[in-house]
1. Can you give the three extents of the C-alpha atoms in region 5-138 along their principal axes, from longest to shortest, in whole Å?
2. Is region 215-269 rounded, prolate or oblate when judged by the Cα gyration tensor, a ≥ b ≥ c being the square roots of its eigenvalues, rounded requiring a/c under 1.5 and prolate requiring a/b larger than b/c?
3. Using DSSP, restrict attention to beta bridges with both residues in the chain and report what percent are antiparallel, rounded to the nearest 5.
4. Give, in nm to one decimal, the length gained when the segment between A203 and I350 is fully stretched (0.36 nm per residue of separation minus the Cα-Cα distance).
5. Can you return the lysines within cross-link range of K178? Criterion is Cα-Cα under 25 Å, with same-chain partners fewer than 8 residues away left out.
6. Please identify, among A166, A132, A94, the residue showing maximal mean-square fluctuation in a Gaussian network model of the chain using a 10 angstrom Cα cutoff.
7. Starting from the residue with the highest accessible area, list W293, W3, W46 in decreasing order, probe 1.4 Å.
8. Considering only protein heavy atoms, what is the solvent-accessible area of K156 at a probe of 1.4 Å, reported in Å² to the nearest 10?
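The values are calculated or read from the model by the stated rules, or taken from the named source; none is laboratory data. Since the structure is predicted, the reported quantities are computational estimates derived from the model, not experimental observations. Cβ sites come from the backbone with ideal geometry, for glycine too, and all protein chains shown count toward neighbours. Protein only, heavy atoms only, side chains kept; ligands, DNA and RNA dropped before computing areas. Shrake-Rupley method; radii C 1.70, N 1.55, O 1.52, S 1.80 Å.
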Amino acid sequence: MAWSESDRQHMARAFELARHGLYTTDPNPRVGCVLVNDGRIVGEGWHERAGGPHAEAAALAAAGAAARGATAFVTLEPCDHHGRTPPCSLALIAAGVARVVYTIDDPNPAVAGNGAARLRAQGIVVESGLMAAEAEQLNPGYLRRRRTGRPFVRVKVAASLDGRTALASGESRWITSKAARADVQHYRARSSVVLTGIGTVLADDPAMNVRIEESRRQPMRVVLDSRLRTPPEARIINRQGHVLVAATTSDAQRREALQRKGVEVQVVPERVGRPDLAAVLDLLGQREANEVWVEAGATLAGAFVREMLFDELVVYLAPTLLGPDARPLVDLPALAQLDARPLLRFTECIPVGDDLRITAVPCKEAS
Ligand code: AOF
Ligand code: ZN
């Protein structure tokens, strides 16, 4: 498909609009829509929250009669089902839109090509594939969950330049700058779930909540805690928002003490004495978790890496050195051969305050 410069500009604008929903649409995807008639934008909209109007509905409402004969640029295939709101395909048809340009098909089985087919059946020109890579990037979790049943997993670690996280004594807080900690808030805010381990809860008693103005939604906090050792007075529990403790044993007394605090306790399958991470991800997928942000110690971060159950490693690197006695970034078993090492690929490296943020993704082949 040869796209014109104005097609690209309008779709780029639709993405700008979609990003307004970065922190709010969960579990729905972030979607933006621009309506263009005679080269002029006549309506814009984005999806703000589940239950609210979809991007197309918002743009059509803004355009009114000017939508007749217009081109709609949408950052995802228009839906074709009655969910919490009526189908966008029907709304676009009713408004008399002449052409619909979108990025990629919506993998929701209730949509998956049906939206495009219905529009075409009405004689509307439908074209897709424009800015497909951007569409994948904007909703990595939503798309992953719809395609595989599991969420998209980011594992965050903070380390010194020599890749160490804490002193042998366990003293670990604030290796990185205030700017890096603020950046972490944005990752938490866009996630459906913030996940940690009982080791971190007992050592640091973190709240793991979102404390930024742009977001009032609290992601579900999940604690992997085989033996239900989470203290009922832990800060992670005594904050707004839903908390789920994933255990492998169910001690009635401990479970009830947590449940009295409003905590949901789920028993999950065990794997070598710990909650089976794949089963936990299946459970979170069933609960419509799109993006999962793992903020834990070397043990749990290491488990995600060892099992290659992460999609992105987000490393905050502080300009300091902690020396060889300090704790490692992730716990991994000793390698028998170099061939067995996990292979990653860097996708981004940017300064955040005085630190660096390095993003790496698993990579199948050595380059
Ligand atoms: C669109 N435009 O802006 C969004 C779409 O329960 P509902 O009615 O909110 O529908 C949610 C589903 O609609 C969601 O899972 C996804 O398939 C699609 N999202 N579709 O045409 C939008 N947010
Ligand atoms: Zn829709």
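1. Cα extents, longest axis first: 34, 27, 25 Å.
2. Details: a/c = 2.33, a/b = 1.60, b/c = 1.46.
Because a/c hits 1.5 or more and a/b exceeds b/c, region 215-269 counts as prolate.
3. Values: 27 of 63 bridges.
Roughly 45 percent of the DSSP beta bridges within the chain come out antiparallel.
4. Working: separation 147, 0.36 × 147 = 52.92 nm, distance 2.97 nm.
In short, 49.9 nm is gained.
5. Cα-Cα hits under 25 Å: K156.
6. Evaluated over the chain, the most mobile residue of the options is A94.
7. Working: W293 0, W3 40, W46 95 Å².
The ranking, largest first, comes out as W46, W3, W293.
8. 40 Å²
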